[in-house]
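Colleague: Just dropping this structure here.
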Amino acid sequence: LAPGQHTFLVQAVDLDGNVDPTPASRNFTVVEAPETTIVSGPEGTTTSTSASFSLASTIAESTFACSLDGSAYDACTSPAEYTGLGIGTHELQVIATSPDGKADPIPAAYTWTIVEPDSQAPETRIDSGPAELTNHTDATISFSAEPGATYECLLDDGAYTSCASPVAYNGLAGGPHTFSVRATDASGNTDQSPATHTWTVDTAAPDTEITDRPADPSKGDFVSFGLAGSDNLTPVEALDYQCRLGDAPWVDCASPKAYASLNAGPHTFSVRAIDAAGNIDSTPASYSWLVDTVAPQTTIGSGPPTTTTSTGAHFTFSAEAGATYECSLDGAAYAACTSPADYSDLRE
């Protein structure tokens with residue numbers, strides 16, 4: 001029968017077919033059964049040996065009966081409190097009964113597990129961060145530990161503050177920096193050996209120098225340049241270089257840097273150093289010179305008469321400015337000489 005008021009009527013009929021004109025009647029009420037709800041309870045897995053449950057019923061002023069782990073139902077109230085529980089899985093069942101005495105036919109149930117307390121501190125890991133030497137004044141650092149952990153971070157000096165991964169910093173000053181992070185697990189254990197990451201912000205560019213260079217002018221068949229640099233942090237041997245000839249694009253290079261088969265005319269060689277932080281010399285070293293591929297024209301200005309009785313000879317000669325000379329007498333090997341060139345004790 002549906003919840004609510006009901007009336008039952010009955011009338012008798014005798015063997016002659018006479019019907020009782022005043023049927024007997026009975027009024028009664030079918031009350032609605034309450035629905036029991038466990039509103040809240042402990043976490044599904046917990047280390048606490050105590051438990052508190054908030055109970056509710058769909059019918060006001062209902063009473064409750066509770067059964068823990070299959071025990072007999074006993075009267076209970078909301079909140080239902082339990083202490084001194086053992087390690088393992090537990091189940092609470094609750095039945096609500098309405099003020100009219102109607103009990104919920106299907107108890108509400110709640111299951112949870114108590115585990116041994118966790119005394120092991122988490123291990124904090126830094127997964128990524130800035131390079132050991134960088135020219136970036138911002139930094140992003142990622143870190144991790146066991147699931148459910150919370151974190152505290154510290155940059156350089158100061159106090160630890162709550163943080164989450166990844167953490168970002170901007171406008172860092174030049175120089176060394178140290179980031180530290182420690183995790184705390186769900187049981188309250190804190191990592192006593194925080195993970196750290198150390199790096200240096202370097203925004204100072206290196207200086208560049210050309211140590212060896214071709215003569216000016218020089219032939220263009222082969223020229224070579226010696227490169228050197230200096231930096232405030234990067235060792236000299238760790239510097240990188242970029243070179244270019246004229247207005248050509250910058251290309252990676254090393255010392256010595258050589259070129260072959262250059263065209264005649266003016267040339268400019270430039271080189272810039274790059275330090276380990278990525279800073280590039282903004283004032284590259286450069287050298288300009290002239291490649292001369294035209295042979296000089298040598299002229300003998302004076303010498304002895306074509307026929308003479310003198311056993312000595314005096315010669316003057318010239319060519320373009322800056323030229324050097326080699327001389328050969330009577331088919332001998334050419335040897336360095338200067339003008340004037342003098343010879344004596346010549347035979348007939």
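The values are calculated or read from the model by the stated rules, or taken from the named source; none is laboratory data. Please read these numbers as outputs of a predicted model, since none were measured by experiment. Note that we place each Cβ from the backbone using ideal geometry, even for glycine, and neighbour counts take in every protein chain shown. Heads up: the accessible areas ignore ligands, DNA and RNA and are worked out on the full protein's heavy atoms, side chains in. Shrake-Rupley method; radii C 1.70, N 1.55, O 1.52, S 1.80 Å.
Colleague: Scan the range 214-267 for residues that are of a type in the set (A, V, I, L, M) and assigned to a strand (DSSP E or B) and jot them down.
Modeller: If we filter the range 214-267 for residues that are of a type in the set (A, V, I, L, M), which is where we start, we get 215, 223, 227-228, 233, 236, 238-239, 245, 248, 251, 254, 258, 260, 262, 264.
Matches in the range 214-267: V223, L227, A228, L245, V251, A258, A260.
Colleague: When you scan the range 91-134, how many residues do you find that are open to solvent by 90 Å² or more (accessible area, probe 1.4 Å) and under 16 Å from T37 (Cα atoms)?
Modeller: 2
Colleague: List every residue pair whose Cβ atoms lie under 6 Å apart, where the two residues are 6 or more positions apart in sequence or sit on different chains, the first residue falls within the range 144-158 and is farther than 15 Å from S193 by Cβ, and the second residue, located anywhere, is in a loop (DSSP other than H, G, I, E, B) and open to solvent by 40 Å² or more (accessible area, probe 1.4 Å).
Modeller: G148/A186
For (1) touching a strand residue (DSSP E or B) at 6+ places or on another chain (Cβ under 7 Å); (2) loosely packed, with under 15 Cβ neighbours inside 10 Å; (3) of a type in the set (K, R); (4) not in a loop (DSSP other than H, G, I, E, B), each residue gets a yes or a no:
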{"residue": "T29", "(1), (2), (3), (4)": "yes, yes, no, yes"}
{"residue": "L55", "(1), (2), (3), (4)": "yes, no, no, yes"}
{"residue": "A60", "(1), (2), (3), (4)": "no, yes, no, no"}
{"residue": "F64", "(1), (2), (3), (4)": "yes, no, no, yes"}
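Colleague: Moving to a separate point now. Please go through the range 66-90 and give me each residue that is part of a strand (DSSP E or B), open to solvent by less than 70 Å² (accessible area, probe 1.4 Å) and of a type outside the set (F, W, Y), ordered by number.
Modeller: Going residue by residue through the range 66-90, those that are part of a strand (DSSP E or B) are 66-68, 74-76, 80-82, 88-90.
From the residues that got through so far, the ones that are open to solvent by less than 70 Å² (accessible area, probe 1.4 Å) too are 66-68, 76, 80, 82, 88, 90.
Of everything in the range 66-90, those that are part of a strand (DSSP E or B), open to solvent by less than 70 Å² (accessible area, probe 1.4 Å) and of a type outside the set (F, W, Y) turn out to be C66, S67, L68, C76, A80, G88, H90.
Colleague: Further question on the same structure: How do the pairs read when you match residues in the range 27-55 that are farther than 24 Å from D118 by Cα and touching a residue at least 12 places away in the same chain (Cβ under 8 Å) with residues anywhere that are open to solvent by 40 Å² or more (accessible area, probe 1.4 Å) and among the charged types (D, E, K, R), using Cβ under 6 Å and keeping only pairs 6 or more apart or on different chains?
Modeller: Pairs found: V31/D100; V31/K102; A33/K102.
Colleague: Mind checking whether some residue in the range 255-274 is without any contact (Cβ under 8 Å) to a residue 12 or more places away in the chain, over 22 Å from K219 (Cα atoms) and not aliphatic (A, V, I, L, M)?
Modeller: Taking the range 255-274 and keeping what is without any contact (Cβ under 8 Å) to a residue 12 or more places away in the chain, we get none.
Among the residues of the range 255-274, not one is without any contact (Cβ under 8 Å) to a residue 12 or more places away in the chain, over 22 Å from K219 (Cα atoms) and not aliphatic (A, V, I, L, M), which makes the answer no.
Colleague: What is the number of the single condition among (1) surrounded by fewer than 18 Cβ atoms within 10 Å (Cβ to Cβ); (2) of a type in the set (K, R); (3) at pLDDT 95 or above that R182 does not meet?
Modeller: Among (1) surrounded by fewer than 18 Cβ atoms within 10 Å (Cβ to Cβ); (2) of a type in the set (K, R); (3) at pLDDT 95 or above, the lone unmet condition for R182 is (1).
Colleague: Oh, and also: Restricting attention to the range 291-305, does a residue exist that is touching a residue at least 40 places away in the same chain (Cβ under 8 Å), outside any loop (DSSP other than H, G, I, E, B) and surrounded by 11 or more Cβ atoms within 10 Å (Cβ to Cβ)?
Modeller: Residues of the range 291-305 that are touching a residue at least 40 places away in the same chain (Cβ under 8 Å), as a first pass: 291-293.
With outside any loop (DSSP other than H, G, I, E, B) added as a condition, the list becomes 291.
Among the residues that remain, those that are also surrounded by 11 or more Cβ atoms within 10 Å (Cβ to Cβ) are: 291.
Yes, the conditions are met somewhere in the range 291-305.
Colleague: Just name the residue that is farthest from N170 (Cα to Cα) out of those in the range 135-157 that are among the polar types (S, T, N, Q), part of a strand (DSSP E or B) and open to solvent by less than 60 Å² (accessible area, probe 1.4 Å). Let's see the steps before the verdict.
Modeller: Keep residues of the range 135-157 that are among the polar types (S, T, N, Q), which gives 135, 137, 140, 142, 144, 150.
Of the ones still in play, those that are also part of a strand (DSSP E or B) are 140, 142, 144, 150.
Now restrict to residues that are open to solvent by less than 60 Å² (accessible area, probe 1.4 Å): 142, 144.
Working: S142: 15, S144: 22 Å.
Filtering the range 135-157 for residues that are among the polar types (S, T, N, Q), part of a strand (DSSP E or B) and open to solvent by less than 60 Å² (accessible area, probe 1.4 Å), the one farthest from N170 (Cα to Cα) comes out as S144.
Colleague: Looking at this structure, is A336 part of a loop (DSSP other than H, G, I, E, B) and either among the small types (G, A, S) or surrounded by 13 or more Cβ atoms within 10 Å (Cβ to Cβ) (or both)?
Modeller: Values: part of a loop (DSSP other than H, G, I, E, B): no; either among the small types (G, A, S) or surrounded by 13 or more Cβ atoms within 10 Å (Cβ to Cβ) (or both): yes.
It is false that A336 is part of a loop (DSSP other than H, G, I, E, B) and either among the small types (G, A, S) or surrounded by 13 or more Cβ atoms within 10 Å (Cβ to Cβ) (or both).
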